[in-house]
Amino acid sequence: MYLASRQIFYVDSAQRLVSDTSTTSNFSYKFNIDPNTNFDRVVVLDLSIPTSYYLVQAGQNTFILEELGVQTILTVPIGNYSRSAFGNTITTLLNTNSPNSWTYNISKSNSITGPETGRFHYTVSGNSSQPSFIFTTYLYEQFGLEKNSTNIFSGNVLDSTNVVSFSKETTIYLHSDICQSASDNILQQVYSSGEVDYSFIHFANTNPYEYSKPLNISSDTFTFYLTDESDNLIDLNGINMNMTILMYKESIINNLLEKFITLKVL
């Protein structure tokens, strides 16, 4: 890739523009852009994201229990969970907050006595009708159920339709208004490869040209934030993220080469 001009920026979210609402994963940053340039493209060269975010995050930790047509919002404590710990926590939460004092139990398959399915089996007793679990865009994966779903017990039983998931988000999106297109503000997507809790996800761009986006040239201050695939914000809990950003002006040589190659192929 031939560049007419370029400038590299090292962004540390710990050095963000501080406001009442800024965090290390949702912040604004001022760039010292060379005023004598006319950059028109931007791309992330590398990115380091701490896995300090929780499996169950604040503001994304509720679901609805419905009994006899009455809905009760239940709040799951934030943090990381194993399958057993989550099952125990939810069982206690349901039995403590059931408005009609119904009794719930959650079990999982036993690999010693039978096949392991990776699903939860929910039961209820002492009830006079069938309850429901209602979800929006979070927590449903840990229950093994669908996003934006209402799940009604049948015969006092509810089985997970999906394998339960207790892995942290495997796909993270870096959003920014540094991109010129208002309809697509995803600057870079990053895939986790099973990094352990409280370590780091590292991304190195092997093809900057293909991943580059049109640069928003209307400002020198831009916002950045992280989300999961459902557009839920990811909170890094105070640990900073780092990235290297390249702004550049593409050389006319690139366009000439592309046209030449096209002609040769034809």
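Reported count of residues in the stretch 108-127, each being surrounded by fewer than 12 Cβ atoms within 10 Å (Cβ to Cβ), modelled with pLDDT of 95 or more and of a type in the set (S, T, N, Q), is 1. Count, please, the residues in the stretch 150-194 that happen to be farther than 30 Å from VAL43 by Cα and assigned to a strand (DSSP E or B). Counting residues in the stretch 150-194 that are farther than 30 Å from VAL43 by Cα and assigned to a strand (DSSP E or B) gives 7. Could you check, for the stretch 14-28, whether at least one of its residues is basic (Lys, Arg) and surrounded by fewer than 19 Cβ atoms within 10 Å (Cβ to Cβ)? Taking every residue of the stretch 14-28 in turn, none turns out to be basic (Lys, Arg) and surrounded by fewer than 19 Cβ atoms within 10 Å (Cβ to Cβ). When residues in the stretch 198-240 are screened for being touching a Leu at 6+ places or on another chain (Cβ under 9 Å) and closer than 16 Å to GLN57 by Cβ, 7 of them pass. Here the stretch 221-239 is the region considered, the condition is being part of a strand (DSSP E or B) and not aliphatic (A, V, I, L, M), and the residue that is surrounded by the fewest Cβ atoms within 10 Å (Cβ to Cβ) is THR221. Applying the condition of being more than 30 Å from TYR54 (Cα to Cα) and of a type in the set (Gly, Ala, Ser) to the stretch 213-266 and asking which residue is modelled with the lowest pLDDT yields SER251. So which pairs qualify, if the first residue must be in the stretch 231-249 and within 23 Å of THR136 (Cα to Cα), the second must be at pLDDT below 95 and among the acidic types (Asp, Glu), the Cβ gap must be under 7 Å, and the two must be at least 6 apart or on different chains? Going by the 7 Å Cβ cut-off, the qualifying pairs are ILE234/GLU169; ILE234/ASP228. Counting only residues that are of a type in the set (S, T, N, Q) and either within 16 Å of the chain's Cα centre (by Cα) or not assigned by TED's automatic domain parsing to the domain that holds VAL11 (or both), the stretch 169-209 holds 8 of them.
The values are calculated or read from the model by the stated rules, or taken from the named source; none is laboratory data. Keep in mind that this is a model prediction, so the values were computed, not measured. Virtual Cβ from ideal backbone geometry, glycine too; neighbours counted across all protein chains shown.
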